[in-house]
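Undergrad: For reference, the structure I am asking about is given below.
The values are calculated or read from the model by the stated rules, or taken from the named source; none is laboratory data. None of the values given here were measured: they were computed from a predicted structure. Cβ: placed from backbone, ideal geometry, glycine included. Neighbour counts: every protein chain shown.
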């Protein structure tokens, strides 16, 4: 069966600028690193694409001599734990995140791989506090739409021979069936946010700041069958603050959402979460 299409929205959990489409309270799930990590594991387990998006993002890159790495919107260390195994043994990975609660797990992910970790708790805006050409690698996963104005600064702090890697969503995978589930307003807000930096416009936005850009499309979906209902509800509880600002990830799901899921599982046999993404590997920064 084709299943029920569902919304998909995932980020590193950064707070928004005051003029953004959503408030920082909508992203409260991301201040709970253990919950975020558990949901990330659910996403990988239920993905139809067998390739880990992080491995796809780093594919073809020789990072063995990279010593200075910046992870913007690092969260609990989702990208850093894979990146740390590929860089120079003497490398330092600097994680930047708005939630101080992510520091402990981020540092552990990096140090468990034998690399040095540094953590900066701050909201990313249009400036970065590092000198020109400071980093060999800059990464930003599921977060650049929150602070897309920092792109010129990313190019500035990247070394001339460095690489910037970012992952984002397709616009078509964001809202899905949210309107049918009673979340039309949330769907509109999520789509407006994603359009600030998406698979569809990412190449154009990056071309002003990098001389060489490769886009890698990542086709995927999550499939939840009736026996996976616990995982699906855990995933939705994690997303609840995005759907209902002011909610917390441990709040009870709205009755109409629960009914929608149960109906989809019973009548269609599965719920399908659209999860198409895109990776951009960027070189030759143009800030000079």
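Undergrad: Of the residues 257, 240, 222, 193, only one is within 23 Å of residue 29 (Cα to Cα), in contact (Cβ under 8 Å) with a residue 24 or more places away in the chain and part of a strand (DSSP E or B); which?
TA: Values: 257 fails: part of a strand (DSSP E or B); 240 fails: part of a strand (DSSP E or B); 193 fails: part of a strand (DSSP E or B).
Residue meeting the stated conditions: 222.
Undergrad: Let me ask another. Can you find a residue in segment 103-121 that is in contact (Cβ under 8 Å) with a residue 40 or more places away in the chain, farther than 16 Å from residue 33 by Cβ and crowded, with 23+ Cβ neighbours inside 10 Å? Break it down into steps so the answer makes sense when it comes.
TA: Narrowing segment 103-121 to residues in contact (Cβ under 8 Å) with a residue 40 or more places away in the chain: 104-106, 119.
Among the residues that remain, those that are also farther than 16 Å from residue 33 by Cβ are: none.
Looking for residues that are in contact (Cβ under 8 Å) with a residue 40 or more places away in the chain, farther than 16 Å from residue 33 by Cβ and crowded, with 23+ Cβ neighbours inside 10 Å, one finds none in segment 103-121, hence no.
Undergrad: Could I ask something else about it? Need the failing condition index for residue 153 against (1) within 13 Å of residue 286 (Cβ to Cβ); (2) touching a residue at least 40 places away in the same chain (Cβ under 8 Å); (3) outside any strand (DSSP E or B), just the number.
TA: For residue 153, the exception is condition (2).
Undergrad: Within segment 248-258, track down each residue that is closer than 22 Å to residue 188 by Cα and more than 20 Å from the chain's Cα centre (by Cα). Spell out how you get there, then give the answer.
TA: In the first step, residues of segment 248-258 are kept if they are closer than 22 Å to residue 188 by Cα; the result is 248-249, 253-258.
Within segment 248-258, 253, 254, 255, 256, 257, 258 qualify.
Undergrad: Given (1) exposed (fewer than 14 other Cβ atoms within 10 Å of the Cβ); (2) not in a helix (DSSP H, G or I), where does residue 204 come up short, assuming only one miss?
TA: Among (1) exposed (fewer than 14 other Cβ atoms within 10 Å of the Cβ); (2) not in a helix (DSSP H, G or I), residue 204 violates only (2).
Undergrad: Considering only residues of segment 166-175 that are surrounded by fewer than 23 Cβ atoms within 10 Å (Cβ to Cβ) and outside any loop (DSSP other than H, G, I, E, B), which is farthest from the chain's Cα centre (by Cα)?
TA: 172
Undergrad: For segment 156-165, how many residues meet the condition of being part of a helix (DSSP H, G or I) and either within 19 Å of residue 216 (Cα to Cα) or in contact with a strand residue (DSSP E or B) (Cβ under 6 Å, 6 or more places away or on another chain) (or both)?
TA: Total satisfying the criteria: 1.
Undergrad: Please find, among 133, 60, the residue that is surrounded by fewer than 21 Cβ atoms within 10 Å (Cβ to Cβ) and more than 27 Å from residue 221 (Cα to Cα). So that I can check it myself, show each step before the final result.
TA: Working: 60 fails: more than 27 Å from residue 221 (Cα to Cα).
Going through 133, 60 in turn, the sole match is 133.
Undergrad: So residue 19 fits all but one of (1) surrounded by fewer than 23 Cβ atoms within 10 Å (Cβ to Cβ); (2) under 16 Å from residue 145 (Cβ atoms); (3) modelled with pLDDT of 95 or more; what number is the exception?
TA: Only one criterion in (1) surrounded by fewer than 23 Cβ atoms within 10 Å (Cβ to Cβ); (2) under 16 Å from residue 145 (Cβ atoms); (3) modelled with pLDDT of 95 or more is unmet by residue 19, namely (3).
Undergrad: Which ones in segment 209-222 are exposed (fewer than 15 other Cβ atoms within 10 Å of the Cβ), touching a helix residue (DSSP H, G or I) at 6+ places or on another chain (Cβ under 8 Å) and farther than 11 Å from residue 282 by Cβ?
TA: Our first condition is that a residue be exposed (fewer than 15 other Cβ atoms within 10 Å of the Cβ); within segment 209-222, this holds for 211-212, 214-215, 217, 219.
Keeping just the survivors that are touching a helix residue (DSSP H, G or I) at 6+ places or on another chain (Cβ under 8 Å) gives 215.
Of everything in segment 209-222, nothing turns out to be exposed (fewer than 15 other Cβ atoms within 10 Å of the Cβ), touching a helix residue (DSSP H, G or I) at 6+ places or on another chain (Cβ under 8 Å) and farther than 11 Å from residue 282 by Cβ.
Undergrad: Another one. Does residue 147 satisfy the criteria of being surrounded by 23 or more Cβ atoms within 10 Å (Cβ to Cβ), in contact with a helix residue (DSSP H, G or I) (Cβ under 7 Å, 6 or more places away or on another chain) and closer than 27 Å to residue 55 by Cβ? Spell out how you get there, then give the answer.
TA: On the way: surrounded by 23 or more Cβ atoms within 10 Å (Cβ to Cβ): yes; in contact with a helix residue (DSSP H, G or I) (Cβ under 7 Å, 6 or more places away or on another chain): no; closer than 27 Å to residue 55 by Cβ: yes.
Taking the combined requirement at face value, the residue does not satisfy it.
Undergrad: Based on this model, can you work out whether residue 191 counts as touching a helix residue (DSSP H, G or I) at 6+ places or on another chain (Cβ under 7 Å) and either on the phi < 0 side of the Ramachandran plot or surrounded by 15 or more Cβ atoms within 10 Å (Cβ to Cβ) (or both)? Don't jump to the end; show me each part of the working.
TA: Working: touching a helix residue (DSSP H, G or I) at 6+ places or on another chain (Cβ under 7 Å): yes; either on the phi < 0 side of the Ramachandran plot or surrounded by 15 or more Cβ atoms within 10 Å (Cβ to Cβ) (or both): yes.
Yes.
Undergrad: Continuing with the same structure: Touching a residue at least 12 places away in the same chain (Cβ under 8 Å) and in a helix (DSSP H, G or I) - does that describe any residue in segment 58-79? Before you say what the answer is, go through the steps one by one.
TA: First, pick out the residues of segment 58-79 that are touching a residue at least 12 places away in the same chain (Cβ under 8 Å): 58-61, 63-79.
Cutting the leftovers down to in a helix (DSSP H, G or I) gives us 58.
Yes - at least one qualifying residue is present in segment 58-79.
Residue-by-condition table, conditions (1) surrounded by fewer than 23 Cβ atoms within 10 Å (Cβ to Cβ); (2) at positive phi; (3) under 18 Å from the mean Cα position of the chain (by Cα); (4) at pLDDT 95 or above:
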site	(1), (2), (3), (4)
51	yes, no, yes, yes
69	no, no, yes, yes
80	no, no, yes, yes
86	yes, no, no, yes
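Undergrad: Report, by residue number, each residue of segment 225-237 that is out of contact with any strand residue (DSSP E or B) (no Cβ under 7 Å at 6 or more places or on another chain), in contact (Cβ under 8 Å) with a residue 24 or more places away in the chain and closer than 17 Å to residue 174 by Cα. Can you show your working first?
TA: Step one: filter segment 225-237 for residues out of contact with any strand residue (DSSP E or B) (no Cβ under 7 Å at 6 or more places or on another chain), giving 225-230, 233-237.
Subset that is in contact (Cβ under 8 Å) with a residue 24 or more places away in the chain: 225-226, 228-229, 233-236.
Of everything in segment 225-237, those that are out of contact with any strand residue (DSSP E or B) (no Cβ under 7 Å at 6 or more places or on another chain), in contact (Cβ under 8 Å) with a residue 24 or more places away in the chain and closer than 17 Å to residue 174 by Cα turn out to be 235, 236.
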